[in-house]
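The following block contains the structure, expressed as structure tokens.
The values are calculated or read from the model by the stated rules, or taken from the named source; none is laboratory data. Being a predicted model, the structure only gives us computed values, none of them experimental. Heads up, the Cβs are rebuilt from the backbone with ideal geometry, glycines too, and the neighbour counts pull from every protein chain shown. Note: accessible area is taken over every heavy atom of the protein model, side chains too, but ligands, DNA and RNA are not part of it. Shrake-Rupley method; radii C 1.70, N 1.55, O 1.52, S 1.80 Å.
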Amino acid sequence: MGLELYLALLSQPCRAVYIFAKKNGIPFKLCTTEVFKGQLQSKEFFQINMLQKIPVLKDGDFILTESSAILIYLSSKYQTADHWYPSDLQARARVHEYLGWHADCIRGTFGVPLWTQVIAPLSGAHVPEEKVERNKTAMDRALQQVENKFLGDQAFLTGQQMSLADLMAFEELMQPVAVGYDLFEGRPKLVAWHEQVEAFLGSDLFQETHGTILNILEQVVNKKFTKPSPEVYPNILLRISRIH
């Protein structure tokens, strides 16, 4: 059995895994996962990941969850270019340093605008304006830390070459951008970084991966976006309740 990747390209971590595999010519079967149709809650998917989350990697009998772990596994198994996940101990430690901070300070923050503007209204839920404003403040603070702590005077987050850290960060930032947030106003260093990452990915792969997320507001207006099925509502409401 070959490599299988369970993904949904509305998801930031899923896009990072998809891009990495495509960019590095890694052969895989794409198992598109319909999150809002309740596929994560199905008995079949529970056998793959009892945590009911994506992305998931299945390599024969080996199943792996969590995007960072999947990216590291793929980079090691397929011996991708060293810049992604450097063999040098200190350079690799920088990648891990960012990924650890990313899990605490980026994940769960930059995805919120999609939930407040798209998913909550479709589910009949409402997010108080004070929570929306607190989230904007949290994003601004995190962006400042990205610039000052990780980017600095470098071309990329962990050095002068693209790494897994840049890919993970780039995809998170695309989420609020897709619903109209201008994250880059007054941040020329971040603009330059974003342009370099996008250029590295290439226009074809960028469009292929981001077509759905970048058109999401249009899909909602034209009633072409999948309305969540009833079995998904408890999970959606739980996620919305966790918005600070």
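Let's see if you can work this out: charge +1 on each Lys and Arg Cβ, -1 on each Asp and Glu Cβ, no other charges. What is the dipole magnitude of the range 150-244 about its Cα centre, in debye to the nearest 20?
Numbers: 7 positive and 12 negative charges, 106 e Å.
Using Cβ point charges on Lys, Arg, Asp and Glu, the range 150-244 gives about 500 debye.
May I pose another question? Using the crude model of +1 on Lys and Arg Cβ and -1 on Asp and Glu Cβ, and no other charge, please compute the dipole size for the chain relative to its Cα centre, in debye to 20. Walk me through the numbers before you get to the answer.
Details: 24 positive and 27 negative charges, 117 e Å.
Charge dipole of the chain: 560 debye, to the nearest 20.
Ignoring ligands, DNA and RNA, how do Cys105, Cys14, Cys31 rank by accessible area with a 1.4 Å probe, largest first?
Numbers: Cys105 45, Cys14 0, Cys31 20 Å².
The ordering from most to least exposed comes out as Cys105, Cys31, Cys14.
Using a 1.4 Å probe and ignoring any ligands, DNA or RNA, find the accessible area of Asp88 and quote it in Å² to the nearest 10.
90
Could you order Thr33, Thr80 by accessible surface area, starting with the largest, using a probe radius of 1.4 Å? Mind showing how you got there, number by number?
Values: Thr33 5, Thr80 25 Å².
Reading off the accessible areas and sorting them downward yields Thr80, Thr33.
Once R0 is set to 22 Å, what does the formula 1/(1 + (r/R0)^6) return for the Cβ-Cβ distance between Ala125 and Glu185, expressed as a FRET efficiency to the nearest 0.05? Present the calculation step by step, with values, prior to reporting the outcome.
Working: r = 29 Å, r/R0 = 1.33.
Once rounded, the FRET efficiency stands at 0.15.
Here is a further query. Taking every DSSP beta bridge with both residues inside the chain, roughly what % is antiparallel (nearest 5)? Don't skip to the answer; put the middle values down first.
On the way: 9 of 13 bridges.
In the chain, DSSP labels about 70 percent of beta bridges as antiparallel.
Please state the charge dipole magnitude for the range 39-172, taken about the Cα centre, from unit charges on C-beta atoms (+1 on K and R, -1 on D and E), reported in debye and rounded to the nearest 20.
Rounded to the nearest 20 debye, it is 260 debye.
Using 7 Å Cα-to-Cβ label points, what is the Phe46/Tyr78 separation (nm, one decimal)?
Reported label-point gap for Phe46 and Tyr78 is 3.2 nm.
Mind listing the long-range amide H neighbours of Val56? Cut-off is under 5 Å, sequence gap 5 or more, other chains count too, H placed in the peptide plane at 1.01 Å from N.
Answer set, sorted by chain and number: Tyr6.
Could you tell me which residue out of Leu143, Ile119, Val132 lies farthest along the dipole of the range 116-158 toward its positive end? Charges go on the beta carbon: Lys and Arg +1, Asp and Glu -1, centred on the Cα centre.
Comparing the listed Cα positions along the dipole, Ile119 ranks first.
Then there's this: Using the heavy atoms of the protein chains and a 1.4 angstrom probe, tell me the accessible area per residue for the range 84-242 in square angstrom. Let's see the in-between values first.
Working: 7930 Å² over 159 residues.
About 50 Å² of surface per residue is accessible.
Once neighbouring chains are kept in place and the probe is 1.4 Å, which whole percent of the accessible area of the chain is contributed by carbon and sulfur? Don't skip to the end; give the middle numbers.
Values: 6260 of 12120 Å².
The nonpolar share, carbon plus sulfur, comes to 52 percent.
To one decimal place, what Kirkwood hydrodynamic radius in Å is obtained for the chain from all pairs of distinct Cα atoms?
Taking every pair of different Cα atoms in the chain, averaging 1/r and inverting gives 18.8 Å.
Here's another thing I want to ask about it. So what's the Cα pair-distance distribution over the range 3-82, bin width 10 Å, in %?
Reading the bins upward from 0: 19, 56, 22, 3.
Starting from the residue with the highest accessible area, list Val179, Val35 in decreasing order, probe 1.4 Å.
So the residues, ranked largest to smallest area, are Val35, Val179.
Name the residue farthest towards the positive end of the dipole of the range 3-82 from the options Phe36, Thr65, Gln79, assuming +1 on Cβ of Lys and Arg, -1 on Cβ of Asp and Glu, about the Cα centre.
It is Phe36.
I need the phi-derived Karplus couplings for the range 174-191: 6.51 cos²θ - 1.76 cosθ + 1.60, θ = phi - 60°, integer Hz, Gly and Pro marked x.
Calculated HN-Hα couplings, in order: 5, 5, x, 4, 5, 10, x, 7, 9, 6, 9, 4, x, 10, x, 5, 5, 4 Hz.
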